[in-house]
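The values are calculated or read from the model by the stated rules, or taken from the named source; none is laboratory data. All figures in this text were calculated on a predicted structure; none of them were measured in a lab. When we count neighbours, we look across all protein chains shown, and the Cβ atoms used for this are built from the backbone with ideal geometry, even at glycine. Keep in mind that these areas ignore ligands, DNA and RNA; they rest on the heavy atoms of the full protein, side chains included. Shrake-Rupley method; radii C 1.70, N 1.55, O 1.52, S 1.80 Å.
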Amino acid sequence: MSAWLEVSKLSVRFDAGEGGLLRKTQGTVHALSDIDFSLDKGETLGLIGESGSGKSTLGRAVLHLVRPSEGKVVLEGNDLTALPENAMRPFRRRMQMVFQDPFDSMNPRMTVGEVIGEPLRLQRIGSAEQRRTRSAELLARMGLDPTGMQRYPGQYSGGQRQRIAIARALATNPDLLVLDEPTSGLDVSMQARILNLLRDLQGELGLSYLFISHDLGAVAYLAKRIAVLYLGRMVEVAPTAELIAKPAHPYTASLLDALPAFSRNTASPHLPPPQGEPPSPLNPPAGCAFHPRCPRAQPICHEQRPSLAANDGARTVACHFPLPATAGDAPPRGGT
Ligand code: SF4
């Protein structure tokens, strides 16, 4: 039986000249390549990786805010990639995004009531009065005073604005939220409040989350499974506790070892943090894209790209020489 949401062979490429930063550069940016994953109703999948790994692009491609170059996004058996825009509308209601900086995604001239009701207005759902009622209900559910409907986003703190952004994302009664760094930039106590709110909402509403963050602690708190992205490809997907205790991909291990707050299984091999910068997605290395930074790389890694394959139990790994579960097992010889 297929999962509630199935993403298969999803790739996003674009010309380097599109969009500002690389305007003078020629070539194709491989933002995402051959992404496969599934998500069940009510489940959270965490996405981690360095800046530029493709986490945000993946969230946007699932919601069709970025057009996939190849691959499928199938929700309850409906292939969204094959639908014309007008047929996508009912699915857009069901999938919403919460952005890293809510202030950037809010019109500062709109009142908070208008901000929350905006997705309903754009989707032509309900009367103006019904939208106001819904906005007030959501504001109260977020723990904010509904009499603040006439105030403006700039009159709220960062944590309050993030709660307003979550209220706006919930206005259309979605099933799936893509949460793109929702706690980034908040102080520790506000991060905890937002994470608790998200967990409570998931329990109440049966929401599924794709939770993108560079904060492994936040991801581990909400996600049952974690997927690790490197240069636009998934390199490891595993249940959260197993991934943290016994990472199998050298990149995952080095990411975890760069986070001293994360005490993981001391019997599992440890690796130094990733050295240098990731290669350019304009010109990804042949073979395994991690090989220029990998302390375990062998000649085959320079030539053959490893596929994401079953490793043990529910874990999948893309590596020719995945790490053993214990440090006692010998590493590959002759590493470069
Ligand atoms: Fe390192 Fe080779 Fe595995 Fe890539 S395939 S992560 S280079 S050991």
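Values for this structure:
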item	result
Percent carbon-and-sulfur accessible area, the chain, ignoring ligands, DNA and RNA, probe 1.4 Å	51
Selection from Val112, Met149, Thr133 lying farthest towards where the dipole of region 104-156 points positive, charges on Cβ	Thr133
Cβ-derived FRET efficiency at R0 41 Å, Gln130 paired with Ala310, nearest 0.05	0.25
Percent RCO, i.e. relative contact order, over region 36-183, from Cα pairs under 8 Å lying at least 6 residues apart	30
Environment charge at Leu10 (Cβ cut-off 14 Å; Lys +1, Arg +1, Asp -1, Glu -1)	+2
Stokes-Einstein translational diffusion, region 41-141 - Kirkwood Rh over all Cα pairs, 0.692 mPa s, 37 °C, in µm²/s	206
Thr28-Asp104 pseudo-label distance in nm [points 7 Å out on the Cα-to-Cβ vector]	2.8
Estimated dipole of the chain in Debye, rounded to 20 [Cβ of Lys and Arg +1, of Asp and Glu -1, Cα centre]	540
Among 176-183, 78-85, 109-116, 312-319, the order from most to least packed when residues are scored by Cβ within 10 Å on average	176-183, 109-116, 312-319, 78-85
Among 217-224, 140-147, 66-73, the order from most to least packed when residues are scored by Cβ within 10 Å on average	217-224, 66-73, 140-147
Distance between modelled label sites at Thr147 and Glu76, nm, 7 Å Cα→Cβ extension	4.0
Ranked by how many other beta carbons lie within 10 Å on average, peptides 52-60, 201-209 from highest	52-60, 201-209
Relative contact order [Cα under 8 Å, 6+ residues apart], the chain, whole percent	19
Region 151-260: relative contact order as a whole-number percent, Cα under 8 Å and 6+ apart	18
Unit Cα scatterers, Debye sum, the chain: log10 I(q)/I(0) for q = 0.11, 0.12, 0.15 Å⁻¹	-0.76, -0.89, -1.29
Heavy-atom surface of the chain, accessible at 1.4 Å and reported per residue (Å²)	47
Normalised per residue, the volume of the convex hull around the Cα set of region 170-321 (Å³)	144
22 Å Cα cut-off, lysine pairs counted over the chain (separation 8 or more, or different chains)	9
The chain - mean residue ellipticity at 222 nm from DSSP helices (-39,500 (n - 2.57) per run, n ≥ 4, rounded to 500)	-8500 deg cm²/dmol
